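Report on the structure given below.
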Amino acid sequence: MSIFTYSPARVLAQEALDHRTFRRDLIASNIANISTPMYRPKDVNFEQMMAKKADELFNKEKDLKLGLGITHRNHLLPPDANEDYQPTMFYRDGHLARNDGNSVDIDIETSELGKNEVMYQGIIGALRKQGGIFSYALESSRSL
């Protein structure tokens with residue numbers, strides 16, 4: 001954790017920015033492959049990843065699972081200990097495929113890209129506002 005992560009919500013927002021960027025890249029890849037035969041559009045389950053991360057950050061309940069003892073820093077961790085909160089990637093099916101088997105719908109892709117960009121900008125705005133409030137509090141405390 002860095003010195004600037006003064007709130008679990010900020011950590012969650014930074015994770016959300018990373019995953020929104022990843023989703024933007026996936027949608028851009030779908031658009032770029034609009035004429036690739038047999039291409040199926042990919043997407044990520046963003047909400048599932050955010051729910052897991054929020055649960056980890058805000059529900060600090062004790063873990064009753066017996067952990068593995070690590071006696072050396074080079075030991076491999078068990079698979080679930082290495083679990084990173086990556087969104088689940090899936091193929092966005094359900095659209096009619098063209099004759100070449102490609103099922104990318106440009107209207108859906110541009111709509112999803114726009115929604116993703118609005119959410120990304122909203123998170124950026126919230127982080128700036130939170131940083132501004134924190135800076136204001138620090139500046140105000142200097143004059144006391």
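The values are calculated or read from the model by the stated rules, or taken from the named source; none is laboratory data. Just so it is clear, the model here is predicted, and its values are computed rather than measured. Methodologically, a virtual Cβ is constructed for each residue, glycine included, from the backbone with ideal geometry; neighbour enumeration extends over all protein chains shown. The accessibility values were calculated without ligands, DNA or RNA, using every heavy atom of the protein model including side chains. Shrake-Rupley method; radii C 1.70, N 1.55, O 1.52, S 1.80 Å.
Key figures
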{"read-out": "Scan of segment 25-55 for residues that are in a helix (DSSP H, G or I), open to solvent by 40 Å² or more (accessible area, probe 1.4 Å) and in contact with a Phe, Trp or Tyr (Cβ under 7 Å, 6 or more places away or on another chain), ordered by number", "value": "K52"}
{"read-out": "Hits in segment 87-123 - residues which are farther than 22 Å from Q48 by Cβ and either touching a Leu at 6+ places or on another chain (Cβ under 7 Å) or not acidic (D, E) (or both)", "value": "L96, A97, R98, N99, G101, N102, S103, V104, I106, T110, Q121"}
{"read-out": "D84 being out of contact with any Ser or Thr (no Cβ under 8 Å at 6 or more places or on another chain), loosely packed, with under 10 Cβ neighbours inside 10 Å and modelled with pLDDT of 80 or more", "value": "no"}
{"read-out": "Near pairs, Cβ below 6 angstrom, 6+ apart or cross-chain, from segment 41-65 (closer than 24 Å to R24 by Cβ and hydrophobic (A, V, I, L, M, F, W, C)) to any residue that is in a helix (DSSP H, G or I) and at pLDDT below 80", "value": "L57/P8"}
{"read-out": "I133 in a helix (DSSP H, G or I) and closer than 29 Å to I31 by Cα", "value": "no"}
